[in-house]
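Read the structure below first, then the notes.
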């Protein structure tokens, strides 16, 4: 039966079961395929070796550039604060608004849709101080890279960013702000629009004011996860240092207002008011008029950017007389109980010298010499001091040297050469009442501090250094090079106190306080020639006399009027400053009064 079934199969069924016999591969073909496979494997191994040995550095750098996000420093600056911590200068975040019309797209649009500029201008106009027309005009037909506006505040930038408009970019940058406006412009200075310092401490302390910043490199994985490697040491260091001034914003405001009012009243060219702590040389106030607003410096003439109290020279006049008397006392050329005969006029080397009022005051003591501001009395007193010794003292006081100060731009004074001073009798004679040489207001303050602190020459300065966080630096310690005997300075201060009690300084008297002072009304010299009718009025005060702590100097340049004197022009400003100083520094009333030398002769 089995055979019968096999016999009934069709020829097609039998053909499908046929096995094709295997044929041997020719040896040549096998060798060719094997050689081809080996060649490919060698090529692959060679390529791997090339990439890993010769191109490893390049490929690693390319990979790191893709994986690493590098942030460059913004170039921010440290804040500046006054002695109490009030902000004087700081960096605030501002934004630039950039437009790229070829990418304009609004939320909800198809990704490929490009909006016309008018649609975006309509969205931005209500958020900016610009009309739609102005925005469209600024864009023009440019496709990209259009800077629409600078100086946007963070609130406005946040509002614009919330609109979600594609093609609108905000670029942040630091912007220097001066919250006190004009108050400290004369000493702090400003940055221009390129953030380059142009004046004041911003320029002289540029390196100190630059915040410590590093470029940050952060590696990320394939999914964007930050990787905690390849970070430089200190990359996340927070620099919170601030430059602290010795100036007090409260006293600075008092001085600036009183000075500005008086300069306006007398139609003067300019004025300066300085308050110094005589124990350590710290300046509590340094106000100049006219000044400028550093937040809009471009609106003011460049001449206002310089601080003339440390850069311009003038002849101090009678305010230098106490310094001269101290030198004569120090050398024993005069005695504290001595007197001079003031007959109203004296001739030196053929040149007549008169008192300012041409009065003869008779036989007077040195306290009265200061009270009546006698030029003749000063000439006769200083004639007892050899001119060579006199010149040596003027040089020792640093009249011809730049003051040791952190105030930018400070210059040296000018005195005659020693040969001129000693060979021409008129030179020491005019120097005795403060003319014939020149110095800066800052130098005169330093010299009166020398009288107030017992004979030590301190360095005037306006900064206490860099401080971290909210910490404030304490006042500086007593310092200074001793030059005069304390007994000498105490005697001269008593004579200056008599000027306030009985002389031309009576307008500064304050009940309960002992104050010494000296007025000055000097001719103004320009290029060595006295300008007809031009005067420089000044007043210097020391307080409290029983324990001197502060010197106040006011100088007003070229006041107009028939009654322009140190007592009428500069003294009222000093009086306002002293009233503010007594309150701000909480100076207690004097515990006892000193007997005041009376006028003699």
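Just a few scattered comments:
- Which numbered condition residue 557 fails, given (1) within 30 Å of the chain's Cα centre (by Cα); (2) closer than 28 Å to residue 478 by Cα; (3) assigned by TED's automatic domain parsing to the domain that holds residue 280: (2)
- Within the stretch 466-488, the set of residues being surrounded by 14 or more Cβ atoms within 10 Å (Cβ to Cβ) and assigned to a strand (DSSP E or B) comprises 466, 467.
- Failed item, numbered, when residue 72 is tested on (1) modelled with pLDDT under 90; (2) over 40 Å from the mean Cα position of the chain (by Cα): (2)
- Exclusive hit being more than 30 Å from residue 466 (Cβ to Cβ) and touching a residue at least 60 places away in the same chain (Cβ under 8 Å), set 399, 325: 325
- Segments classed as helices (runs of 4 or more DSSP H), wholly inside the stretch 131-197, with at least 1 members that are closer than 15 Å to residue 97 by Cα: 132-139, 154-162
- Residues in the stretch 404-428 that are assigned to a loop (DSSP other than H, G, I, E, B) and within 19 Å of residue 380 (Cα to Cα): 2 in all.
- Scanning the stretch 370-383 for residues that are surrounded by 24 or more Cβ atoms within 10 Å (Cβ to Cβ) and part of a loop (DSSP other than H, G, I, E, B) yields a total of 2.
- Residue 524 fulfils the conditions (1) modelled with pLDDT of 95 or more; (2) assigned by TED's automatic domain parsing to the domain that holds residue 263 except for a single criterion, (1).
- The stretch 146-168, residues that are on the phi > 0 side of the Ramachandran plot and at pLDDT below 90: 151
- Residues of the stretch 524-548 classified as touching a residue at least 60 places away in the same chain (Cβ under 8 Å), touching a helix residue (DSSP H, G or I) at 6+ places or on another chain (Cβ under 8 Å) and surrounded by fewer than 24 Cβ atoms within 10 Å (Cβ to Cβ), total: 1
- Tally, over the stretch 286-303, of residues that are in a helix (DSSP H, G or I) and out of contact with any helix residue (DSSP H, G or I) (no Cβ under 8 Å at 6 or more places or on another chain): 5
- Test for residue 125: is it closer than 25 Å to residue 94 by Cβ, surrounded by 11 or more Cβ atoms within 10 Å (Cβ to Cβ), in contact with a helix residue (DSSP H, G or I) (Cβ under 9 Å, 6 or more places away or on another chain) and at pLDDT 90 or above: yes
- All of 401, 360, 367 fail the test of being out of contact with any strand residue (DSSP E or B) (no Cβ under 7 Å at 6 or more places or on another chain), in a loop (DSSP other than H, G, I, E, B) and assigned by TED's automatic domain parsing to the domain that holds residue 280, apart from 401.
- Selected residue (criterion: modelled with the highest pLDDT) from residues of the stretch 234-275 that are surrounded by fewer than 16 Cβ atoms within 10 Å (Cβ to Cβ) and not assigned by TED's automatic domain parsing to the domain that holds residue 461: 240
The values are calculated or read from the model by the stated rules, or taken from the named source; none is laboratory data. Computed from a prediction, not measured in an experiment: that's the story for all the values here. Methodologically, a virtual Cβ is constructed for each residue, glycine included, from the backbone with ideal geometry; neighbour enumeration extends over all protein chains shown.
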